[in-house]
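Report on the following structure.
Each reported figure results from applying straightforward, stated rules to the coordinates on display, with no laboratory input. These numbers were taken from a predicted model, which means no experiment stands behind them. Quick reminder, even Gly has a Cβ in these numbers, built from the backbone with ideal geometry, and neighbours come from all protein chains shown.
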Ligand code: GLU
């Protein structure tokens with residue numbers, strides 16, 4: 001599925017359109033709205049990298065959409081679709097995303113225009129390290145300036161190359177580790193970052209499914225158990241989302257990859273499908289499932305919840321009408337074009353927007369950044385103390401009631417938090433709290449007809465106030 005520059009152009013425009021639609025429900029003057037919308041800084045670099053015996057010129061970007069809070073924050077993607085417009089659109093989404101989940105960063109995004117499958121690990125390392133030194137040269141990276149993270153085509157491995165390159169160029173910066181997030185735990189990463197976006201998607205959809213009146217409108221009951229789910233994209237986000245839905249008792253009826261889709265109304269096991277994919281090179285021909293060699297058809301199958309978790313613009317004006325889901329949870333950034341958005345809203349489908357739903361990644365990135373700046377692992381100080389307090393509490397309960405607590409009960413209660421517990425609970429709390437904020441706007445602000453508009457309003461309200469209080473308009 002190649003995407004042209006025109007498609008990226010309309011991706012950026014569609015973000016701007018969503019912004020404008022929401023802006024009319026806010027009280028800010030045109031100047032402030034224009035400043036919130038504008039991309040503050042754009043870096044485009046072309047640099048040479050020796051690949052095999054020849055030299056390749058690599059095209060790459062970093063866009064800082066908003067400086068209303070620093071550092072800027074957002075992933076780096078490796079993809080052939082990367083161009084300035086796409087990175088601008090994705091950076092803008094990051095600004096709104098951070099505001100919605102109360103992560104005190106401006107939005108940013110980076111992109112390197114390569115097909116990562118075509119390079120060896122060594123070549124990818126050279127490209128990533130050179131890109132990082134370009135960012136350093138231009139002051140486009142640093143713990144207080146701009147903090148990249150994983151995105152499509154990148155992961156912990158690339159982040160470890162970035163932190164190493166940055167640290168070696170900034171040897172006296174004691175906070176150097178905080179220059180990038182999504183690092184391996186051994187390089188200053190935080191436990192729970194890998195699954196964070198997928199888990200956040202799960203928490204967000206679960207929260208949406210907990211409101212009886214909203215579910216009744218869709219002809220659904222509350223809760224996740226028993227709901228039929230289709231997930232598009234088995235990368236880091238889609239895989240973990242699928243896994244959490246499955247563990248919560250949902251039925252994974254469909255899985256979609258870039259080279260084919262499968263459907264089984266009796267439910268699929270995501271780990272078994274992954275194992276099948278590893279041995280056969282794709283998800284097709286999984287025992288008992290129906291095949292779709294055209295992956296797009298997978299999106300149109302019967303389900304309650306559809307989770308697009310790959311790239312942007314996969315649901316568009318030509319297929320939106322055939323979507324059968326009752327809830328679409330945008331795990332990817334920008335999976336619906338604005339035309340598709342209108343069509344799905346008219347069909348009465350509940351669309352849970354990307355700028356809220358996939359914010360779990362950046363939320364846990366924020367926790368990682370805080371960990372790096374504090375130079376201490378979460379839970380290190382309080383774990384033992386809390387265990388001792390619970391122990392004393394149980395002793396008091398036993399002596400005042402004259403009854404003994406069983407060993408199993410004591411063991412369950414007697415557990416101070418580990419890093420992973422704190423990260424997961426911080427993420428859960430964030431996803432629940434932000435959904436309620438958005439739903440509140442959706443229900444109570446006159447004229448607001450969809451959750452995306454409500455989410456944009458939520459973001460604009462917070463950023464608008466920040467700009468007003470900055471007092472930078474003499
Ligand atoms: N790339 C992810 C996103 O689109 C995560 C960004 C981050 O952690 O900074 O939200």
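Looking at segment 252-406, the DSSP beta bridges with both ends there are about 55 percent antiparallel. Would you work out if segment 407-474 is rounded, prolate or oblate? Take a ≥ b ≥ c from the square roots of the eigenvalues of the alpha-carbon gyration tensor; rounded if a/c is under 1.5, else prolate when a/b is larger than b/c, oblate otherwise. Here segment 407-474 falls in the oblate category. Please give the FRET efficiency for residue 413 paired with residue 46, using the beta carbon to beta carbon distance and R0 = 56 Å, rounded to the nearest 0.05. Result of the calculation: an efficiency of 0.40. Relative to the 2.2 N^0.38 Å rule of thumb, segment 359-413 has a C-alpha radius of gyration ratio of 1.72. Can you give me the C-alpha center-to-center distance between segment 37-95 and segment 428-456, rounded to a whole angstrom? Segment 37-95 and segment 428-456 have Cα centres separated by 30 Å. Take the Cβ atoms of residue 446 and residue 55, set R0 to 56 Å, and the FRET efficiency comes out at 0.40.
Model label sites at residue 221 and residue 393, defined 7 Å from Cα along the beta-carbon direction, differ in position by 3.4 nm. Size descriptors for segment 102-217: radius of gyration and Dmax over Cα atoms are 17.4, 59 Å. Sorting the segments 23-35, 159-171 by their residues' average number of neighbouring beta-carbon atoms within 10 angstrom, most packed first, yields 159-171, 23-35. Take every DSSP beta bridge whose two residues both sit in the chain; close to 50 percent of them are antiparallel. Under 1.5 on a/c is rounded, so check that first for segment 214-367, then, if it is not, pick prolate when a/b is larger than b/c and oblate when it is not; a ≥ b ≥ c are the square roots of the alpha carbon gyration tensor eigenvalues. Judged from the Cα gyration tensor, segment 214-367 comes out rounded (a/c under 1.5).
Expressed to the nearest 5 percent, the antiparallel share of DSSP beta bridges inside segment 126-283 is 50 percent. In this simple spin-label approximation, residue 436 and residue 247 carry label points 7 Å from Cα along the Cα→Cβ vector, and these lie 2.4 nm apart. Counted residue by residue at 0.36 nm each, then reduced by the alpha carbon distance between them, the extension gain from residue 172 to residue 347 reaches 57.3 nm. Over the chain, dividing the summed -39,500 (n - 2.57) contributions of all DSSP H runs of at least 4 residues by the number of residues returns a 222 nm mean residue ellipticity of -14500 deg cm²/dmol. Let a ≥ b ≥ c be the square roots of the eigenvalues of the Cα gyration tensor of segment 349-474; is it rounded (a/c under 1.5), or, if not, prolate (a/b larger than b/c) or oblate? The shape class here is prolate.
Remark: the chain projects, on average over all directions, an area of 26.2 nm² (convex hull of Cα atoms).
Exposure proxy shown here: for 112, 290, the number of other Cβ atoms within 10 Å sets the order, fewest to most, as 290, 112. Peptides 380-393, 357-370 ranked from most to least packed by the mean count of surrounding Cβ atoms within 10 Å: 357-370, 380-393. Taking N as the residue count of segment 256-328, its C-alpha radius of gyration divided by 2.2 N^0.38 Å amounts to 1.10. Distance from the Cα centroid of segment 388-413 to that of segment 258-289 is 48 Å (rounded to whole angstrom).
Computed from label points 7 Å out along Cα-Cβ, the spacing between residue 121 and residue 429 is 3.8 nm.
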